[in-house]
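To start, the structure itself, in structure tokens.
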Amino acid sequence: MLMNFDKLGAWRWILSGICALMALFLLLPILFIVALSFGNSRWLIFPPPGWTLKWYGELFADPRWLQAAFTSAKIAAIVMVLSVAIGLLASLALVRGRFRGRAVLRGFFLTPMVLPVVIIAVALYAAFLRLGLNGTLVGFVIAHLIVALPFAIITISGALETFDPSIEDAAILCGASPWEARFRVTLPAISHGLFSAAIFSFLISWDEVVLAIFMASPTLQTLPVKVWTTLRQDLTPVIAAASTLLVLLTVVLMIAAALIRKGKSR
Amino acid sequence: MLSFLTPARRGSGLGMAMPALLLLLAFFVIPVAGLLSRSVTEPVAGLQNYETLLGSATYLRIFFNTFLVSGLVTLITALIAFPVAWALAIMPSRVAAVVFAIILLSMWTNLLARTYAWMVLLQQTGLVNRILMATGIIDQPVQLTNNLVGVTIGMVYIMLPFMILPLYGVIKKIDPAILQAAALCGATKGQALRRVLLPLATPGIASGALMVFVMSLGYFVTPSLLGGTANMMVAELIVQQVQSLLNWGMGGAAAFILLVVTLALYALQLRLFEGRAR
Amino acid sequence: MTSPYLHINGIRKTFGDVVATDHVELEIGEGEFMTFLGPSGSGKSTTLYILAGFQDPTAGDIRLRGKSILQTPSHKRNIGMVFQRYTLFPHLSVGENVAFPLRVRRASQAEIATKVKRALSLVRLDGFEDRMPANMSGGQQQRVALARALVYDPPVLLMDEPLSALDKKLREEIQYEIRRIHQQTGVTILYVTHDQEEALRLSDRIAVFNRGRIEQVGTGPELYASPATHFVADFIGDSAFLTGELAEVKNGRATLRYADGTVLTDVPMHGVGARGGKAELMLRPERIDLSDAAGPQGASLPVTIEDVTFLGNNSAVTARTGWGDPLYIRLNFGHPMMGSVSRGDRLHVRWQPQDAHAFTKE
């Protein structure tokens, strides 16, 4: 009985063992950088000979790190808002619309997700060279919007498909105008989908490297670009400190998401 | 599903798709088409860029590297992911939740942070080399970065969740009673695995494998940080041609080849798995 | 003394604090069709799973031809089983599904070919070898499952509510098939169901499960005519219960007294009852007669008619006893009272003494 854990006999230990090794393989590198960020060895010796906070000091002393983080947050926030708004309209069209070629349009909307980002990055870089958008906030936002939008559309149209439009009809029969019904009934009903889409869009922009490398200029760069350029010079422990803060952010977001899910199921 | 009260006018709803449509046309379709067209117009009109790409051992080596690494990464992740997904599907849910949390944590941790960890772990004086020397497996530090070994390790690390999660979905849906039936029919665990569980999990393995393979083909960050310039993959070639050499024709041609292979595999994926699901 | 063919010996299974089955004790003869009947959660499926080896009992033993099978893993028990859900291997054709048990036993190609053909013929699916399970109806899938479970001649065939996913008409059709296959093969069958009609139609004997225990074992007519407990009486056939005070118990015969002074004597009594305790009289609606005149003492009650509903071949009559309990009576078409009885009539119900049973009420 291969689908009954208690009846697997010796196989149970083999499977558990592989699972545990895989979990360690995924987890240890992350714990490793966290440890290094507090180690006092510039040459990243592990285990570190002593402990220090000086890499965090260096990180916060360099205004370029903070500035990059601020730029990242700003771009990610704008991308989040635009991606949810445009994604919501597109999803309404895809799920509720009545026009030919909806399936084709859906496939088209999702292609930026499938294509290697490198191709999009190089193509946009060339286009932005002509439009003078490289190194601008607008350029960053457009680039990240292109790759975030498919995820927003998938998430929101998924939520819309499970929502019965006759409830909207009921609201209209109660006297609401069609747009009022949409705002007061449909939007609250798919709020979890909108929320997930917002988080996805924010994180995609916040973590995005390849497009950002092309869009960046010496005066405007995001956090991943700053990490990237630093990494190419040397493996300084300052990056470990920056990475640790990013891991911390991930953990906080995961716990928040878990709490929201728990709150919703109650 | 259609609302009764909002009349089903033909073409209704198209307007709402416009912002997304225009955005993608202006900043996705036209730029990509522009890039591809430059492959046959620069420096002069013709197919000479493709001839150079497919005719020189240096460039063929890059394509070979790309397929080799993607294939290896796919194979290794599949071999690890199958037992893991299987275990996750039947484990006590509390234990499984812990493993899932680790998978998600690794997935959501910044890509550069994860790659940085492997750059440090795999360097000459890194932890991996020191452990291998301490256990007597090797006498001299081995080169693990700036070559395809490092790229493969780093990519397996990144791709594992993309294989485990879909495979888990497929295995979780298998009715345990089917495997109970196999046992009562007289099948030993090995026979039930080979003749029932593996065939039933194959759609998940195939779809996960295709996804990992396609993603690996166009990957840029990990290969360029862990692989070094001597062991380029296609994505790095495109960037190098465009950024360092300003050779838009060659860059466009390489991008076109990558795009065709990617879309072909994607279409295969849709044909194989979407059709069955409906 | 010879040991029974299959002996379920004091099986007890607990999940944490929950007792799934308790002291399940049953002997089954070779070739017998035994049904486990009971509501969901009564322990009938747990008992079957323990037989199949999917679960291990907390205590007790199961012996087949005198030998315990508990230490044998499922795949070596050689037992056949048809499940509630469709469990055909979806990636294999019908022929390969039926061949599966033979292939894992490394049978020869020739043997596989003849046995598969014979098994499919047994379930009347000749020529279906190359079909895929997904392209078959639920009834056909369950027949393939039956062929797969029988192809290796198992000593015992377990069936866990195999028809519950099918509609009524199809269910009856396959019940008939199962009976025929049982007669044709002579295989020992343990059948689990919550449907009393199905149990009565199929089985040689029925074990009635309730709350993890067997309440009574017997043939269908035995269970209907002399139920041992309130639960069995209620579960098999229709029944009415009239609760009163136990005035006397002597030699398994009870005297019951009701609120309006009615006294019924000489009723067969089941269970231990103390004088002054509560007891209930069980009557079958179709075994009660309606008449102008009172019957012998202990087998007759005065009632007032409340409602009469004509249902074609019979009429359902609702009456009320002198102390206010409702009582349902079924009058067959052609009964002399059928046309005349109407609301408000004061009449007498009468029954044969052996048709009434008294149970202690907890």
Can you tell me which residues in the stretch B:73-87 are hydrophobic (A, V, I, L, M, F, W, C) and facing chain A (nearest Cβ under 7 Å)? B:ILE80, B:VAL84, B:TRP86, B:ALA87
Determine if the stretch A:129-152 includes at least one residue that is farther than 28 Å from B:ALA26 by Cα and within 21 Å of the chain's Cα centre (by Cα). no
Take C:MET34 and tell me if it is assigned to a strand (DSSP E or B), surrounded by 19 or more Cβ atoms within 10 Å (Cβ to Cβ) and within 14 Å of chain B (Cβ to nearest Cβ). no
Mind counting the residues in the stretch C:271-298 that are over 16 Å from C:SER239 (Cα atoms) and touching a Phe, Trp or Tyr at 6+ places or on another chain (Cβ under 9 Å)? 3
Being open to solvent by 10 Å² or more (accessible area, probe 1.4 Å) and not aliphatic (A, V, I, L, M) is the filter here; which residues of the stretch A:128-163 pass it? A:ARG130, A:GLY132, A:ASN134, A:GLY135, A:THR136, A:PHE151, A:THR155, A:GLY158, A:GLU161, A:THR162, A:PHE163
What number of residues within the stretch B:202-225 are within 11 Å of chain A (Cβ to nearest Cβ) and in a helix (DSSP H, G or I)? 10
Verdict on B:PRO199 being touching a His at 6+ places or on another chain (Cβ under 6 Å), open to solvent by 30 Å² or more (accessible area, probe 1.4 Å) and in a helix (DSSP H, G or I): yes
Within the set of pairs 6 or more residues apart or between chains, which connect a residue that is of a type in the set (S, T, N, Q) inside the stretch A:142-156 to a residue that is at pLDDT below 95 with Cβ atoms less than 6 Å apart? A:THR155/A:GLY193; A:THR155/A:SER196; A:THR155/A:ALA197
Given the condition among the hydroxyl-bearing types (Ser, Thr, Tyr) and either without any contact (Cβ under 8 Å) to a residue 12 or more places away in the chain or within 19 Å of C:LYS278 (Cβ to Cβ) (or both), answer yes or no: does some residue in the stretch C:201-220 qualify? no
Within the stretch C:74-109, the residues that are of a type in the set (S, T, N, Q) and assigned to a helix (DSSP H, G or I) are C:SER74, C:ASN97, C:GLN109
Turns out the helices (runs of 4 or more DSSP H) fully within the stretch A:73-188 with at least 3 residues that are farther than 27 Å from A:MET215 by Cβ and away from chain B (no Cβ under 11 Å) are A:137-161
Which numbered condition trips up B:PRO176, out of (1) within 30 Å of C:LEU92 (Cα to Cα); (2) crowded, with 18+ Cβ neighbours inside 10 Å? (2)
Suppose the filter is out of contact with any Cys (no Cβ under 6 Å at 6 or more places or on another chain), open to solvent by 20 Å² or more (accessible area, probe 1.4 Å) and over 19 Å from A:PHE60 (Cα atoms); does A:MET215 pass it? no
Tell me whether the stretch B:23-44 contains one or more residues that are without any contact (Cβ under 8 Å) to a residue 12 or more places away in the chain, within 29 Å of A:PHE140 (Cβ to Cβ) and open to solvent by 70 Å² or more (accessible area, probe 1.4 Å). yes
Being of a type in the set (D, E, K, R), touching a His at 6+ places or on another chain (Cβ under 9 Å) and in the same structural domain as A:GLY132 (by TED's automatic domain parsing) narrows it down to one of A:GLU208, A:GLU168, so name that one. A:GLU208
Only one of A:LEU26, A:LEU31 is part of a helix (DSSP H, G or I), more than 21 Å from A:THR222 (Cβ to Cβ) and open to solvent by 20 Å² or more (accessible area, probe 1.4 Å). Can you tell me which? A:LEU31
Which residues, taken from the stretch A:25-80, are without any contact (Cβ under 8 Å) to a residue 12 or more places away in the chain and under 25 Å from B:MET159 (Cα atoms)? A:PHE25, A:LEU26, A:LEU27, A:LEU28, A:PRO29, A:LEU31
How many residues does the stretch B:133-162 contain that are more than 14 Å from every other protein chain (Cβ to nearest Cβ) and surrounded by 17 or more Cβ atoms within 10 Å (Cβ to Cβ)? 3
Based on what the data block shows, is A:MET3 touching a helix residue (DSSP H, G or I) at 6+ places or on another chain (Cβ under 9 Å), outside any helix (DSSP H, G or I) and within 13 Å of chain B (Cβ to nearest Cβ)? yes
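The values are calculated or read from the model by the stated rules, or taken from the named source; none is laboratory data. Remember, predicted model here, so these are calculated numbers, not experimental data. Neighbour counts run over all protein chains shown; Cβ positions are idealised from the backbone, glycine included. These area figures cover heavy atoms from the full protein model, side chains too; ligands, DNA and RNA do not enter into them. Shrake-Rupley method; radii C 1.70, N 1.55, O 1.52, S 1.80 Å.
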